[in-house]
1. Look through the stretch 82-116, keep the residues that are modelled with pLDDT of 95 or more, part of a strand (DSSP E or B) and of a type in the set (S, T, N, Q), and return whichever of them is farthest from residue 216 (Cα to Cα).
2. Could you list all residues from the stretch 263-300 that are in contact with a Lys or Arg (Cβ under 9 Å, 6 or more places away or on another chain) and assigned to a loop (DSSP other than H, G, I, E, B)?
3. Just to be sure, is residue 79 at pLDDT below 95 and in contact with a His (Cβ under 6 Å, 6 or more places away or on another chain)?
4. Just for the stretch 174-225: of the residues that are part of a loop (DSSP other than H, G, I, E, B) and farther than 27 Å from residue 121 by Cβ, which one is farthest from the chain's Cα centre (by Cα)?
5. Going by the structure shown, is residue 105 touching a helix residue (DSSP H, G or I) at 6+ places or on another chain (Cβ under 9 Å), more than 16 Å from residue 291 (Cα to Cα) and surrounded by 14 or more Cβ atoms within 10 Å (Cβ to Cβ)?
6. Which of (1) in contact with a helix residue (DSSP H, G or I) (Cβ under 9 Å, 6 or more places away or on another chain); (2) outside any helix (DSSP H, G or I); (3) modelled with pLDDT of 95 or more; (4) not hydrophobic (A, V, I, L, M, F, W, C) is the odd one out, the single condition residue 19 does not satisfy?
7. Of the residues in the stretch 270-295, how many are in contact with a helix residue (DSSP H, G or I) (Cβ under 9 Å, 6 or more places away or on another chain), touching a residue at least 60 places away in the same chain (Cβ under 8 Å) and surrounded by fewer than 21 Cβ atoms within 10 Å (Cβ to Cβ)?
8. Output the qualifying pairs, or none if there are none: Cβ atoms under 8 angstrom, residues six or more apart or on different chains, first residue in the stretch 238-258 and within 20 Å of residue 287 (Cα to Cα), second residue acidic (Asp, Glu).
Amino acid sequence: MHQVMILGSGPAGLTAALYAARAHLKPLVVDGHEAGGQLTLTTMVENYPGFPDGLMGPDLIAAMRKQAERFGASFQGGAATAADLSRRPFRISIDGEVAECQTLVIATGASAKLLGLPSERTLMGHGVSTCATCDGFFFQDQDLIVVGGGDSAMEEALFLTKFARRVTVIHRRDKLRASKIMQEKAFKHPKIDFTWDSTLEEILDVNRGKVTGVRIRNLKTSAVTDRAVDGVFIAIGHTPNTQIFRGLLDMDEVGYIKTHDGTKTSVPGVFAAGDVQDRVYRQAITAAGSGCMAAMDAERFLEHGGH
């Protein structure tokens, strides 16, 4: 029986673990499908406060993990595959084994949707990115591509114009899904142009270990062209990792967990932190902040006898 169980080991889960451990609650952290979360896919992190020279994403995660362990957090590999939240203690299945907990912090994050190209995974962090706010700074005066047609794609493209020489938006259709105001901003911007009815067939060049260009297929004519670019930003959305909680907790239409009064969910004793409940900011620092809140909310809940 665990006082606090934390699902997810990104900045939200690890900060929750640190705070819960320092409150002598001996939290168990279940690593999840992507141990360390999205930060393990990034190379240099320059926007996490306190590190003026920046640091590598995996190094930041390793340091957070070590800090939580130092105060008594324990870790378990694997991922939660089912949950019974109908009564306390809650019962969580982790790869077939059932564990019980008095409080649950869900910090399972959101996964960026990808195109599914092998080159995309290989070059992630080496010219391929899913976060303009994180990585735009590294592309000063370069030619970039943004894949997508929704609001987030337009936001990424507009943000990247601060740094890039040119931003080309590639979209499968001949018109955008983005809201009118975002479309107008993007169409008006002198640095942004559009390639319609097209998809990326390949990102070049895996052999050189960095992005040198892309292969684009026109979906109407099937014509294939190569274009030299320095970076590719995939902006086709995120999927919150909440599948096992469908029908158990209140969520929005996409599947992000709804929270109120801090990190409380629709089930007392269950708290949510980080990208699993934040579709707006999605930064390491905001995830860490909400992880701290979730641990404090869980501690108060236990102090008040589970109310």
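1. Among those that are modelled with pLDDT of 95 or more, part of a strand (DSSP E or B) and of a type in the set (S, T, N, Q), it is 102.
2. 265, 266, 268, 269, 277
3. Yes, satisfied.
4. This residue is 221.
5. no
6. Just one mismatch for residue 19, condition (2).
7. Total satisfying the criteria: 5.
8. Correct list of pairs: 238/275; 240/275; 256/278; 257/250; 258/250; 258/252.
The values are calculated or read from the model by the stated rules, or taken from the named source; none is laboratory data. Note that this is a predicted model, so its numbers are computed, not measured. All Cβ positions, glycine included, derive from the backbone under ideal geometry; neighbour counts span all protein chains shown.
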